[in-house]
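Heads up, the thing below is written out as structure tokens.
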Amino acid sequence: MFPSPNHGPRRDGARPELIVLHYTGMTSCAAARARLCDPEAEVSAHWLIAEDGGTEALVPEEMRAWHAGAGSWQGRGDVNSRSIGIEIANPGDRPFPEPQMAALEALLPGIMHRWQIAPEAIIAHSDMAPGRKIDPGPRFDWRRLARQGLAVWPEVRTPLTPDTGAFAALAQAFGYPDAPVEVLLPAFRLRFRPCWQGPLDGTDMALIADLAGRFGADGGAWRAA
């Protein structure tokens, strides 16, 4: 039933508290599946969603799949032990097809219910590993998920004065790892201002302040231990 051997027990009694979304970065879903199930590759995910919406469980959700790698969210490392990983078949250079997005929208509520995972705890691979990973990338429609309560989206507010120190602090309060602004800002924009470029601006400040205020470690449903 679960074809990937690449998993093990969750460490230190951890349970799923996050859902991490990825793109496969490969030419086809078949190629991605082969790699995720190859013992020599030492990578895996709990779920794989094909371009046509076909969805396959590769690793039992109670087990620790090997999808996240180095990184952290809201101050907690070993994301593999604390997350469910979903691989979405996409090379990274094209939109995600409608059947695939619909399949993801059908899959997420069940996972959220089974493990009591809040929308703010559904994150990008690039969120927990900024500067190292960019998936699911700028073509992924996070706003669409947020409209259905399957992710979060910042509310538009009056722009604030750009301040790199304040931006980094707010980004950490929301959940991003401790990293320089030149690493955090591209990761933030990948998800919340895709394709936007240039130096830190007042809109970036307003959006991250809203996210930190509503969903950060002090106010969000998912808190660092």
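Sketch the reach of a paramagnetic label on Thr55 as a point 7 Å from Cα along Cα-to-Cβ, and name the residues of the stretch 105-137 whose backbone nitrogen lies under 19 Å away.
105-125, 136
If the only charges are +1 at each Lys and Arg Cβ and -1 at each Asp and Glu Cβ, what is the size of the charge dipole of the chain around the Cα centre, to the nearest 20 debye?
I would put it at about 240 debye.
Excluding Phe96 itself, calculate the net charge of residues whose Cβ lies under 15 Å from the Cβ of Phe96, where each Lys or Arg counts +1 and each Asp or Glu counts -1.
-3
If Lys and Arg each add +1 and Asp and Glu each add -1, what is the summed charge of the other residues whose beta carbon sits under 15 Å from the beta carbon of Leu184?
With Lys, Arg at +1 and Asp, Glu at -1, the neighbours total -1.
Determine the principal axes of the Cα atoms in the stretch 1-85, then give the extent along each, sorted from largest to smallest and rounded to whole angstroms.
35, 22, 22
In Å², what does the accessible area per residue of the chain work out to with a 1.4 Å probe?
Accessible area per residue: 44 Å².
Sorted by accessible area with a 1.4 angstrom probe, largest first, how do Glu61, Glu182 fall?
Heavy-atom accessible area, descending, gives Glu182, Glu61.
Suppose R0 equals 22 Å. What FRET efficiency, 1/(1 + (r/R0)^6) with r the Cβ-Cβ distance, do Arg114 and Ala146 give to the nearest 0.05?
That gives a FRET efficiency of 0.60.
If packing is taken as the mean number of other Cβ atoms within 10 Å per residue, what is the order of 132-144, 189-201, highest first?
Those peptides, ordered most packed to least, come out 132-144, 189-201.
Please determine, in degrees from 0 to 90 and to the nearest 10, the orientation of helix 181-192 with respect to the longest principal axis defined by the Cα atoms of the chain, where the helix direction is its Cα long axis.
Between helix and principal axis, roughly 70 degrees.
Could you work out how far helix 98-115 tilts from the main Cα principal axis of the chain, as a 0 to 90 degree angle to the nearest 10?
Tilt relative to the chain: about 90 degrees.
Report for the stretch 1-92 the percent antiparallel among DSSP-assigned beta bridges with both residues inside it, nearest 5.
Rounded to the nearest five, the antiparallel share is 40 percent.
I'd like the projected area of the chain, averaged over all directions, using the convex hull of its alpha carbons. Report it in nm² with one decimal.
11.5
Relative to the longest principal axis of the C-alpha atoms of the chain, give the angle of the C-alpha long axis of helix 202-215, reported between 0 and 90° and rounded to the nearest 10°.
Once rounded, the angle reads 60 degrees.
Would you work out what percent of the accessible area of the stretch 19-169, with all protein chains in place, is carbon or sulfur (probe 1.4 Å)?
C and S fraction of accessible area: 53 percent.
The values are calculated or read from the model by the stated rules, or taken from the named source; none is laboratory data. As the structure is a computational prediction, the values presented were derived from the model and not from experiment. Glycine gets a Cβ as well: all are built from the backbone with ideal geometry, and neighbour counts include every protein chain shown. SASA here: full protein model, heavy atoms, side chains in, ligands and nucleic acids out. Shrake-Rupley method; radii C 1.70, N 1.55, O 1.52, S 1.80 Å.
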